[in-house]
Structure formats: structure tokens, C-alpha cells
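Participant: Dropping a structure here in C-alpha cells format, bear with me for questions.
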Amino acid sequence: MNFICFKENLKRNLDNALRIIKYNSTLPILNNFLLSTEKGMLKISSTDLEIGFTSLIPSKILKEGSITVPAQLLSQFINNLPNKNINFEVKDFKLYLNCDNIKASINGLNAEDFQIIPKVKNDSVLTINSKLFKNSLNYVINSSAISDARPEISSIYIKINPDQLKFVATDSFRLAHKTIFVLSGDNKEKIKINFDQSRNIILPLRTAGELLRILGDQNDNVKIIVDQNQVLFDFDNTQLISRLVEGNYPDYEVIIPKSSETKCYLSKNDLEESIKLSGCFSSKLNDITIKTNSEKSQMEIFSNNSEYGNHHGKINSEIKGKDVTIVFNWRYFLDGLKNIDENELILEFNGDQKPAVIKSVKNNDFFYILMPIRNN
């Protein structure tokens, strides 16, 4: 095997491939990259048996072949080379590198021992603009549970229907829900669904995070191919394949309020500023209290910390319905606000013990449900 590749082209793909790898003492070869040639390009592969990554990099292939080499070592060495062409040659399971006046050799292993990354065999393809897909993931990903104790909620739930895509995430304390209306506006040109029937997938949180990093600032198309227990994301010369979470996603629709006792219309910017100020004086529970005053058309936000002091702020709000006093985690509240694109928003309440809904006045494609901190 012998090829020449420009450092910057190689570095970006090595960084993406390295993040897939988890140190494995049982199968040491999984700590390696698989380097091979395909379609006249260099192919980099990595896997932890849950996620698989492959990328084709434009290179000058002088001799075809393959080898596996320690991923951390190769990535670290490449990152410190000058931005020039690098000559790679494989002899006797050793990878020889030559860049300018710098030479090195890395001990490798037989490529035949590398774990085969499975193929997804399905004709059901969702093609979506990468920027639109990334933005949709960003709306919900912070609401997913971080712990692996319940894999089904340490995930992103994606419902694929002919007329809409839904992205849902919850950690049982809050829920984010983003909808893409396939047949509306520019989305007609940005989404193509070739599914025989509606499909629901539970995408692991780690996979979603890797997708966001790989997508970066791309504005191309992503092909999503769903199999029975795995999914493939195809970015032309880069592919990410992942196992799907088995089991059923929680029936989140039962917690979505069908009506509300109180509706508050107010400025997102004013609310965000007041919550941040109140958060400075919250306790270890991150608790702040919101109180509506319909007579004065005001919302009061206050917090108290016995050690540091207290805060009490007021903002203008049009309030319809019963007045309510309710306690929230201010950090969770801000997570929901930052995904509201418009400054005019609605807060909907059903007393002090039931979940609240945050959404835009104008747009109905996103809403955020937040559980209150219960009063004992």
C-alpha cells in the first residue's frame, strides 16, 4: 500500500474517526483505524461496535492495500505535521510516513482482523438538507437524558411520516418537540421521503452528538437509511452507521396539555434576562419562583438564597386566566427559551403542580414542556 495525501484533508477526517473509538482492552484492534483504498481514494474506518465511521479522502493512490494502526498515535502525529503532502507506505505491517524532512514508522496489524462494519440493506431512504437536519437536532438534544440508566430516553426520538418529521427528547423533567412540515414552503425542496410506511427510530444521544460535529457548517444533503435495528447517515464521501435503541419510547403525548388554565403573552428577551438574574440567587436546587399578577399585567420572578441574598423582578405580560405561583429549575427554563426563534412567546400553565408549555406566538413548529419543582 502506498499513497500521498494532504495533511489538512486527512486531519479533519481522522479527528471525526477518533471520536468514535472507545478504549477497548478486550479487542485491542478496535483502538485502531483501518486504512484502506477504495474508488481511487483513501478510506478511513473506525468502530466501537455500536457506531461505525467511514470516510473517503481524495489521495494519490500509488499502490492499493490496507492496514490497521493505533488511532490515537496516528491522529496525534498527523496533527503536529506541517500543512504539506504526506507520503504513506506499508511494508511488513508497518506504516511509514514521510512529510518534508520528517519520517516515522508506526507498527500496525493485519487489516483482515479488523471488525467489519455492518451494511444497512434497505430501500427506504430519507433525504434531507444537512443544515435543516442539524438545526432540528439542536432544538431537542439538550433535553435528552445524559445517564445510560434508561437508554430509551438517553436518545432522540424521530418520527418519520410522509407529511412531517418530528424530533423529540426528554429526560422526564422537560420535553422538547420539534416538527418539520415536509410539504410546506422551502421544505418541499429540502426533504424527500422514500418510505413505504411511517417509521419511528430511537437514535442514541452519543450518535446524535457525533452527527452534529460531522455536519458542521455543511449545507448539502444527508441520506438516512433505516434498517430494523440500525441506521446509516450518508454524507456523500462520509458515512456514519449506528445501532438504534431497542424498546419503546415513552408515550410522551400523554403529558402534552390539551388545554390551559393560564396563558401569559410576553417578551422572550425580557423573560430570559429576568430568569438569568434570578438564577444568580437560586439555591442548590436551581429553583426560581414565577408568579402571575393579572390585575397589574405583570409576571414576577424571584429567588432566595439564605447565604447570598435574594432577587425580585417584574416584567410586563398579558395574562389570561387564573393567576398561578409556580417553581421551576431556571437552567431548564433557559434551555427551552433559547430554542424559541421569535421574541413573542406564550407560557401556558395548569396550576402549580402540572407541566408548563413554552412556545412561540407565531410559529407552531416547536414547543417545550417543563415540569415544575413540586412543593412539598
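Participant: Read through the list (1) surrounded by fewer than 18 Cβ atoms within 10 Å (Cβ to Cβ); (2) under 30 Å from residue 76 (Cα atoms); (3) at pLDDT below 95, then give the number of the only condition that residue 114 fails.
Facilitator: Unmet condition: (1).
Participant: Which residue out of 42, 95, 73 is under 19 Å from residue 214 (Cα atoms) and either modelled with pLDDT of 95 or more or over 31 Å from the mean Cα position of the chain (by Cα) (or both)?
Facilitator: Answer to the selection: 42.
Participant: For segment 29-46, give me each residue that is touching a residue at least 40 places away in the same chain (Cβ under 8 Å), surrounded by 23 or more Cβ atoms within 10 Å (Cβ to Cβ) and either assigned by TED's automatic domain parsing to the domain that holds residue 236 or more than 12 Å from residue 65 (Cβ to Cβ) (or both).
Facilitator: 32, 33, 45
Participant: Continuing with the same structure: When segment 1-28 is examined, which residues are found to be within 22 Å of the chain's Cα centre (by Cα), exposed (fewer than 15 other Cβ atoms within 10 Å of the Cβ) and among the β-branched types (Val, Ile, Thr)?
Facilitator: Listed by number, the list is empty, since nothing qualifies.
Participant: Of everything in segment 231-261, what is within 17 Å of the chain's Cα centre (by Cα) and part of a strand (DSSP E or B)? Give them in sequence order.
Facilitator: 231, 232, 233, 234, 239, 240, 241, 242, 243
Participant: In contact with a Leu (Cβ under 8 Å, 6 or more places away or on another chain), surrounded by fewer than 17 Cβ atoms within 10 Å (Cβ to Cβ) and not in a loop (DSSP other than H, G, I, E, B), is that true of residue 57?
Facilitator: no
Participant: All but one of (1) part of a strand (DSSP E or B); (2) touching a Lys or Arg at 6+ places or on another chain (Cβ under 9 Å) hold for residue 142, so report the exception by its number.
Facilitator: (1)
Participant: Residues 138, 122: which one is touching a residue at least 24 places away in the same chain (Cβ under 8 Å) and touching a strand residue (DSSP E or B) at 6+ places or on another chain (Cβ under 7 Å)?
Facilitator: 122
Participant: Out of all the residues in segment 78-107, which are surrounded by fewer than 16 Cβ atoms within 10 Å (Cβ to Cβ), in contact with a strand residue (DSSP E or B) (Cβ under 7 Å, 6 or more places away or on another chain) and not in a strand (DSSP E or B)?
Facilitator: 82, 84, 93, listed by residue number.
Participant: In the list 283, 278, 297, which residue meets the criterion of being modelled with pLDDT under 95 and either farther than 26 Å from residue 118 by Cβ or out of contact with any helix residue (DSSP H, G or I) (no Cβ under 8 Å at 6 or more places or on another chain) (or both)?
Facilitator: After applying the criteria, what remains is 283.
Participant: Of these, 196, 217, which one is surrounded by fewer than 20 Cβ atoms within 10 Å (Cβ to Cβ), assigned to a loop (DSSP other than H, G, I, E, B) and either touching a Lys or Arg at 6+ places or on another chain (Cβ under 9 Å) or modelled with pLDDT of 95 or more (or both)?
Facilitator: So the residue among 196, 217 that is surrounded by fewer than 20 Cβ atoms within 10 Å (Cβ to Cβ), assigned to a loop (DSSP other than H, G, I, E, B) and either touching a Lys or Arg at 6+ places or on another chain (Cβ under 9 Å) or modelled with pLDDT of 95 or more (or both) is 217.
Participant: Only one of (1) charged (D, E, K, R); (2) farther than 16 Å from residue 173 by Cβ; (3) in contact with a helix residue (DSSP H, G or I) (Cβ under 7 Å, 6 or more places away or on another chain) is not met by residue 263, so which one is it?
Facilitator: Going through (1) charged (D, E, K, R); (2) farther than 16 Å from residue 173 by Cβ; (3) in contact with a helix residue (DSSP H, G or I) (Cβ under 7 Å, 6 or more places away or on another chain) one by one, residue 263 breaks only (3).
Participant: Under 7 Å between Cβ atoms, which residue pairs at least 6 apart in sequence (or on different chains) link something in segment 87-105 that is free of Cβ contacts under 8 Å to residues at least 12 places away in the same chain with a partner that is loosely packed, with under 13 Cβ neighbours inside 10 Å and not acidic (Asp, Glu)?
Facilitator: 96/105
Participant: Identify the single condition in (1) surrounded by 14 or more Cβ atoms within 10 Å (Cβ to Cβ); (2) more than 25 Å from residue 169 (Cβ to Cβ); (3) at pLDDT below 95 that residue 306 does not satisfy, given that it satisfies every other one.
Facilitator: In the conditions (1) surrounded by 14 or more Cβ atoms within 10 Å (Cβ to Cβ); (2) more than 25 Å from residue 169 (Cβ to Cβ); (3) at pLDDT below 95, residue 306 misses (1) alone.
Participant: Among the residues of segment 80-102, how many are of a type in the set (Lys, Arg) and over 15 Å from residue 2 (Cα atoms)?
Facilitator: Residues flagged as of a type in the set (Lys, Arg) and over 15 Å from residue 2 (Cα atoms) within segment 80-102 amount to 1.
Participant: To continue, here is another question. Going through segment 273-301 one residue at a time, which ones are surrounded by fewer than 18 Cβ atoms within 10 Å (Cβ to Cβ), outside any strand (DSSP E or B) and not hydrophobic (A, V, I, L, M, F, W, C)?
Facilitator: 273, 276, 283, 284, 286, 294, 295, 296, 297
Participant: Could you tell me which numbered condition residue 227 fails, if it satisfies all but one of (1) at pLDDT 90 or above; (2) surrounded by 11 or more Cβ atoms within 10 Å (Cβ to Cβ)?
Facilitator: Going through (1) at pLDDT 90 or above; (2) surrounded by 11 or more Cβ atoms within 10 Å (Cβ to Cβ) one by one, residue 227 breaks only (1).
Participant: Among the residues of segment 163-181, is any surrounded by fewer than 18 Cβ atoms within 10 Å (Cβ to Cβ), without any contact (Cβ under 8 Å) to a residue 12 or more places away in the chain and of a type in the set (Asp, Glu)?
Facilitator: no
Participant: Return only the number of the condition from (1) farther than 26 Å from residue 335 by Cβ; (2) of a type outside the set (Val, Ile, Thr); (3) crowded, with 19+ Cβ neighbours inside 10 Å that residue 143 does not satisfy.
Facilitator: (1)
The values are calculated or read from the model by the stated rules, or taken from the named source; none is laboratory data. Nothing here was measured: the structure is a model prediction, and the numbers come from that model. Cβ: placed from backbone, ideal geometry, glycine included. Neighbour counts: every protein chain shown.
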